[in-house]
1. Want the number for Ala614 to Glu60: 0.36 nm per residue separation, take away the alpha-carbon distance, what's left?
2. Per the Debye formula with a single identical scatterer at each Cα and no solvent contribution, what log10 I(q)/I(0) holds for the range 180-287 at q = 0.17, 0.18 Å⁻¹?
3. For the range 310-564, what is the charge dipole size about the Cα centre, in debye to the nearest 20, if Lys and Arg each add +1 at the Cβ and Asp and Glu each add -1 at the Cβ?
4. With Cβ to Cβ distances under 11 Å as the rule, what net charge do the other residues near Ala878 carry (K, R +1; D, E -1)?
5. If you take every residue apart from Phe760 with its C-beta less than 11 Å away from the C-beta of Phe760, what net charge results, scoring Lys and Arg +1 and Asp and Glu -1?
6. Convex hull over the alpha-carbon atoms of the range 752-892: what's its volume per residue in Å³?
7. Between Thr900 and Leu816, how high is the FRET efficiency from 1/(1 + (r/R0)^6) when r is the Cβ-Cβ distance and R₀ = 30 Å? Nearest 0.05.
8. If I take R0 = 41 Å and measure r between the Cβ atoms of His579 and Thr304 in this structure, what FRET efficiency does the formula 1/(1 + (r/R0)^6) give, to the nearest 0.05?
Amino acid sequence: MKPKKTNKELSISILYLFILFLTPLIGKTQVFDHEQNPPRVKWRQIQTTSFQLIFPSEFESEAQRLANILSEAIPRISKTLGKKPRKISIILQNRDVVSNGFVQLAPRRSEFSTTPPQQTDYQDWLNSLAVHELRHVVQFDKLTGYLGPPLFEQLALAIFGITLPPWFYEGDAVGIETALSPAGRGRLPSFERPFRTNTLSGKKYSYQKDYLGSLKSVTPGYYPLGYFMTTKIRRDYGQQALEQLMNRMAKKPFRPYNFSSSLKQLTGYNTRDWHRRTVDELDSLWREQATKTAPIDYPLFPSTGPSEIVDFLLPTPLPNGEILALQRSNLSVPKLVLLTDGKQPKEVIKTGIQTEPHFSYGGGKLTWDELRYNKRFLKETYQVINVYDLKQKKYQQLTSKTRLFSPTLSADGTKIAAVEVDLSNQCFLLILDSESGQEKQRVIIPPHVLLQTPAFNPDGTKVIATALSQRGTNLMEIDLQQQQHQLLLSWQAQQVERPIYTPIGIVFKAHYNGIDNLFLLHDQHIQQLTNVPYGANNPSWDEHTHRLYFNNYQANGYLISSLTTDTIHMRQLSDSSDHFIGYFKPLLAQETPLDTLSPQPEKTFASRAYKDVAHLFNFHSISPVGDDLSSIDNFDLGLQLMSDNLLNTFSTQIGFNYNQNISRADYFVAASWKRWFPKITLQYRNQAQLSSITYQNKPNERVPFRWREHYTEIKTTIPLTFNRLNTVYNTGFALGTSYTTRYQLSLKNLSLPNFSTLRFPLLAQYYFNRNSRKSLLDLAPKWGQNINLIYRSLTFDKRLSGDLFSVKSTFYFPGLRNNHSLQLRFNAQQRSGDYRLTNDIPMVSGYDQLRPTRVNNTLFVDYKFPIIYPDLAIGPLAFIKRLKGGFFADFENFAQHNNTAPRTFGLELRADMNLLRFYLPNFDAGVRTIYVNEPNSKKVVFTYGVTYTY
């Protein structure tokens, strides 16, 4: 007889199914974006039996090269999981400057953002993307490959998303990119640096904290954590270990804690114990490595509190003795600051969104690059250059709609050197005038070579930069007068970064001894300059004091150290052995690495035009209807058949839902066209309605009244997004109308004039949002102005009359302490005619418990603050990262008839947490105590709520 489940097991099962159900509803709209490219992009495609490449026409040459890489890589990538992947569509996004890649289901596709980053491992970016992302394709098919279109892709995504922890699938992909290529993140000391530093510093956190992260401590992140934990499985249990683990998971996909129980059957250890064993082994290996490298402890600057997590990146000495740095911390947004001994950092300017931390100083000026959006088509982004004059305190955006990276100023501040990557991934070095932004010189870099972080020599006649290709990294010197460039080294299997000119030679970061350190190139010889415990990078030279500054990584962030020429102890490279632990090395015997260094015969694939109009319908999933799960009482059961084309320009839903409140079914079909500047949505609903009326002869008795209606709506929206420095703007306009006809009236012979049809009511909306960026610990933007104007009218239906105008607004202000927030929300409405009973603004807390009133406006005052960051695990059920509190007062019809007292007020307690060790979604759960400030009513009302974010 099968034993009954305990209450705990039953609760876990119910919560597990709740999150399983939640995942497809959210995942489609938030885990992966559904933005578009500008309509001017001309798309082409390459079709093979294994993949479809969709790419912009100007990317043809790189697409052909990638097609050859994919053809060679696919069988090798799938070898150790024992699963040949189904054919997949891969979209190459060359207009996005944020280097990234992802694989998704619903619909099944992968996207590669092809612009290479300014900091990466030492191989070609497309090669790295191909190996890493295709491993995810194999993982999807291994676990849920039997669920496919046109009905079950979203279910497959949900099972994958909650069954496999991200550390497993991302760590496994990092292991494959490392084992199959001559590079990969598993070969980089910078990749393991936070994990190694924590371990050697005695900060050995729990499995949940290392995996799920923390708001108060530096944790390794699930990429490094997963790389070591999955690699240990393969090191200890062989080539087929991951295949065996996933085979068991696939047999019973709905088993709670499926991964942990499968891992335990394979190894005898659950995830928590496996984490402990992995950390213990790494601790031993890293301590042995530290003994061999014999690091030196250098003086650190500035002094920070023992629990303060802060970075002072790219330390740059100024002529007056101050140090300029880019400060990052959980407490505040990134900003450029001035550092002086014994004083608090002095803010210069807050920076905006950057793809990589970067700035440069010269001649009293600062320059840095920032991300900018195409205001409507967010698949297109730009990289612009900013300049700030320290003396005049004047900011200027120097370029617009450019793709310029890592700008650096000449010593006199008159010129800027920057890397440009065009839409075909051809790289250039540009020299710009620092006042006007005008291009003064353009140097073409050899094909398939990327330039990174250039720096001028003292007189501005030469530039030194990192060169990266599939052969590795190098130092490239460019003579601006002769328009010539030369490589100073042979190609290196090293993460060479940020070279600079100094009087003693060219200084750069590399890891020849297995730890990131600074090295010197002088007279064609390389010497080691620093020997730090955890990692050194970002060198700069002070010509006045002849001192070398650099970032010296510590357990609480990137601090600053410096050396004089007298205190530098140079070590010949031949005397520095590579002591990197090479945790991946046993994997090499299990895989068949790609030979990416030798010339490969390249096949030319047939390509042809790709028109999204010819591929509008791509049905992929049956999905639950609705996304409001805050209350089971309000949940409507339903299903919809979903279609999304691959370029996100057309989506369709066909379905039904059963309204439990009125015991009737609704049917609907909706379509959205998003290719052009406005988004156009058309929907039809056949829906049931329930109300009540009174008869003239029985005025005190209300009678239920049912009917059905055909409701057709068309709506066009223009959403816009843009940003400048530390501020993000969103604005938009929407215009819509509808047509309604009603039938199957449950009460006959009623006198309801004009009830059978409602013709073309007008809906117009305009919104404007201006908010400062939040730091990790901010509960809300420090400054924000958000206004939403809505107008409804029956102007076009001559049988009816009425208008409704509403204003909804939210304003954010700094609180009394950092990360606190004061929020004011004012809402007002004016109604007439047939809209006189409609409420279009939020009501005060506990409104359904209060006596009815006619509401003209509401004012909400909220003060929110963090209480504690406990990083508390409640067994396997929940991991609580933050407790936060708040006070609120809700006013109704404020300032009317001398009404200035709140109608309700109270306090709330909430918690940010992860449930059942799922990385996503993040839950925000809490309770609110509401005090009702009026007689003859219930004085105290308790409410609770759960929200979630991805």
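1. 197.3 nm
2. Those come out to -0.87, -0.96, one per q.
3. Value, rounded to 20: 780 debye.
4. +1
5. 0
6. 181
7. With R0 = 30 Å, the Cβ-Cβ based efficiency is 0.85.
8. Numbers: r = 29 Å, r/R0 = 0.71.
Computed FRET efficiency for His579 and Thr304: 0.90.
Bear in mind that the values in this text are calculations on the coordinates, not laboratory data. The model shown is predicted, which means the values in this text are computed figures rather than measured ones. For neighbour counting, all protein chains shown are included, and Cβ atoms are generated from backbone atoms with ideal geometry for every residue, glycine included.
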